[in-house]
Amino acid sequence: MLISILLRVGKGARPNCPYSMSETTMQAQAQQVIADSVLKNTYLLIEALKDNYRQYSIRGHQRSVENFDFTYDGSPSVQSQYHQRKIDELKSGKCDIDYTVETGKKYHKVILVTCGNSRSVHCFIDKNTGEVYKSATWKSPAKGVRYDLRLIADREYLLENADWSGGYLYAK
């Protein structure tokens, strides 16, 4: 009996292990595919957040253009020109904020970075499962999964309804 176990171990099998090496390799590959998909979807979320911020800012600048449209002599006001320039910048893709991802042991931490280099945690995403959490502190997520990036319906809803300030992360 001992000799047969040693022979199996020598061939790559582990004693008392229900999986062969090829099964464990396939499981590791599947886990890697999920982890890669989670990271890809994390960057899609970041792009959706930036786009939401651009749309939000354009609406605000358009309201300001309407309020400061012209001076008494009929020429565009200085404020109107400023806001129109900001609208043009935003439409060209320039954004006053950015999001970065810091990867830790368990989570991808999505961080909002403003133009003054102020940083705050937007959300946490589990690296292995794709579960999205609201942040509780700089270092830890709040309890309760808000969305799951592996589920198509959750992912589509998240990418369509994510807002740059994080309101979508409050409990449903």
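Values quoted throughout were computed directly from the atomic coordinates according to the rules given, and no laboratory measurement underlies them. For clarity, every value in this text was computed on a predicted model and none was experimentally measured. Every residue, glycine as well, gets a Cβ built from its backbone with ideal geometry; the counts of neighbours run over all protein chains shown.
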Report task. Provide the gained length on full extension for the span TYR56 to ALA35, in nm with one decimal, where the gain is 0.36 nm per separating residue minus the Cα-Cα distance. Result -> 4.4 nm
Query raised in the report: Using modelled backbone amide H atoms (1.01 Å from N, in-plane), which distant-in-sequence or interchain residues come within less than 5 Å of ASP163's amide H?
Result: TYR168
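Could you rank the peptides 29-35, 58-64 by their average count of other C-beta atoms within 10 Å per residue, with the highest value first? Spell out each step's value before the answer.
Numbers: 29-35: 11.9, 58-64: 14.9.
The packing order, highest mean first, is 58-64, 29-35.
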Report summary line: Label model pair ALA142, ASN128: point-to-point distance (7 angstrom along the Cα→beta-carbon line) in nm is 2.5
**Report entry** Long pairs among LYS40/LYS127; LYS106/LYS143; LYS86/LYS109; LYS94/LYS134; LYS50/LYS134, criterion Cα-Cα beyond 20 Å
**Finding:** LYS86/LYS109; LYS94/LYS134
Requested in this report: Provide the per-residue ³J(HN,Hα) series for region 52-65, in order, calculated from phi with Karplus coefficients 6.51, -1.76, 1.60 and θ = phi - 60°, each as a whole number of Hz, with x at glycine and proline positions.
Outcome: 4, 5, 4, 5, 4, 5, 4, 4, x, 5, 5, 4, 5, 4
Report summary line: Residues meeting the amide H criterion for SER135 (H placed from the backbone, H to H distance under 5 Å, 5 or more places apart or on another chain) are PHE124, ALA142
**Report entry** Rounded if a/c under 1.5, otherwise prolate or oblate - region 35-172, Cα gyration tensor axes
**Finding:** prolate
Report summary line: Phi-derived 3J(HN,Hα) across region 134-151 with the Karplus relation (6.51, -1.76, 1.60, θ = phi - 60°), rounded Hz, x for Gly and Pro, is 6, 7, 9, 9, 4, 9, 9, x, 6, 6, x, 6, 8, 8, 10, 5, 6, 7
Requested in this report: Taking H placed 1.01 Å from N in the peptide plane, check which residues at least 5 places from TYR147 or on another chain put their amide H under 5 Å from its amide H.
Outcome: VAL132
